[in-house]
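The next block holds one structure in the form of structure tokens; read it before the comments.
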């Protein structure tokens, strides 16, 4: 009776085990053809809470386990859980619905979580394929809901729950409080996954893993989903000791050799960053890591300690190369500050991955070219491009909705990397998709870039194999 199953669905309804399509990204999920595989850190945290409370917990990561929709249904019946938990994302919503409908037909309780359904819960709870939606953070609330269902206690006391009573009436419980003390959370149930199956192009050592050490971003970027839906803008962080405890477990117990710290903004508290780095220097662990930071917060002291602790790469959200666009998207930075942050990272031998977005509501062809040229000027080792997906729950979604910019509400067609499904005042949909399709060729085939990366290849075997993977994608597709 106390079996709970987490499922990360196949990427598409018709996905097969031979398909090269996978789901990549977290804040802005997208479909991918380069083999990237990611998992939900939040689900693993919730799974650990359930397991510590005596539940039998399983985790189906369908893409890495090679479970298509048919196999997923077969395995679901074999395990026969009491409850099924799915973090529904816009890119795989139709697959999540299909699995959920099948589960409900066989008497399994279906629970949806995540930013997408948190934002749309008032509509989504009417979907016949779901029983319960848990809004905002769900580390503890899934456990509390399962306990109430098993013990037949009052559901109205489950904060953050949207549900239907026996009469079919929709009931919206009050929001749950934020989890203030992240140190009290157990180490996520990484062991439920085969970490050797996960890959991101930023990694050069394997097995690799991703962790999150803080929640809530005090900045107010108009497009960013997590702070506006589940985490809030209040910054909460694990202590340096708790961070290092989790890293030690990943490296020493699970054999992880590279780690991506995927906080919204890792370096909000510089003193905490340096304290973590000093502890890692003392630990002398055999691993390398990358962090996601804000360029205007980067300092020489921080970069020095990151490098000493084994940081190989910093990821910056550049987004635009036009100062007026940066203001309008509430990025809270300038081109000059971004350039300075990139220079500091390079000064200390830390690789840079810049993330840029092409096609904000206010963009014109000229401002998009400003962004592309700014990316060329920064000349980071890696630059990732996407369209700013209008995710439900964000102010950017509201802006595009009010101005009738959506071409479709079929969410799978809003793939931020390959395809945009909006029409903007100064950019057609064709303009947007052309920029997305041509950016990588323009960036990665520049002679100045190729020459630089040729020499970088010889730093290590990991750098060499990473570069060869990148070049294979760029020059064979």
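The values are calculated or read from the model by the stated rules, or taken from the named source; none is laboratory data. Keep in mind that what you see is a predicted model, and the values were worked out from it rather than measured. Neighbour counts run over all protein chains shown; Cβ positions are idealised from the backbone, glycine included.
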Taking the options 49, 117, name whichever one is touching a helix residue (DSSP H, G or I) at 6+ places or on another chain (Cβ under 6 Å), touching a residue at least 24 places away in the same chain (Cβ under 8 Å) and under 26 Å from residue 191 (Cβ atoms).
49
Among the residues of segment 55-62, is there at least one that is in contact (Cβ under 8 Å) with a residue 60 or more places away in the chain, out of contact with any helix residue (DSSP H, G or I) (no Cβ under 9 Å at 6 or more places or on another chain) and not assigned by TED's automatic domain parsing to the domain that holds residue 211?
no
Please tell me if residue 26 is in contact with a strand residue (DSSP E or B) (Cβ under 7 Å, 6 or more places away or on another chain) and either closer than 19 Å to residue 137 by Cβ or part of a loop (DSSP other than H, G, I, E, B) (or both).
no
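Helices (runs of 4 or more DSSP H) wholly in segment 95-188 with at least 3 residues that are in the same structural domain as residue 15 (by TED's automatic domain parsing) and farther than 26 Å from residue 212 by Cβ - which ones? Please lay out each step first, then the result.
Working: elements: 115-119, 121-124, 141-151.
Here the list reads 141-151.
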Residue 139 fails exactly one of (1) within 20 Å of the chain's Cα centre (by Cα); (2) within 26 Å of residue 397 (Cα to Cα), namely (2)
Could you tell me which residue of segment 45-56 is nearest to residue 5 (Cα to Cα), considering only residues that are surrounded by 23 or more Cβ atoms within 10 Å (Cβ to Cβ) and touching a strand residue (DSSP E or B) at 6+ places or on another chain (Cβ under 6 Å)?
47
Given the residues 339, 290, which is the only one that is modelled with pLDDT of 95 or more, part of a strand (DSSP E or B) and not assigned by TED's automatic domain parsing to the domain that holds residue 42?
290
Looking only at segment 413-426, decide whether some residue is closer than 18 Å to residue 23 by Cα, part of a helix (DSSP H, G or I) and not assigned by TED's automatic domain parsing to the domain that holds residue 92.
yes
Filter segment 242-266 down to the residues that are within 24 Å of residue 177 (Cβ to Cβ) and in contact (Cβ under 8 Å) with a residue 40 or more places away in the chain and list them by number.
242, 246, 262, 263, 264, 265
Taking segment 246-272 and keeping only residues that are farther than 23 Å from residue 204 by Cα, assigned to a helix (DSSP H, G or I) and in contact with a helix residue (DSSP H, G or I) (Cβ under 9 Å, 6 or more places away or on another chain), one is left with 270, 272
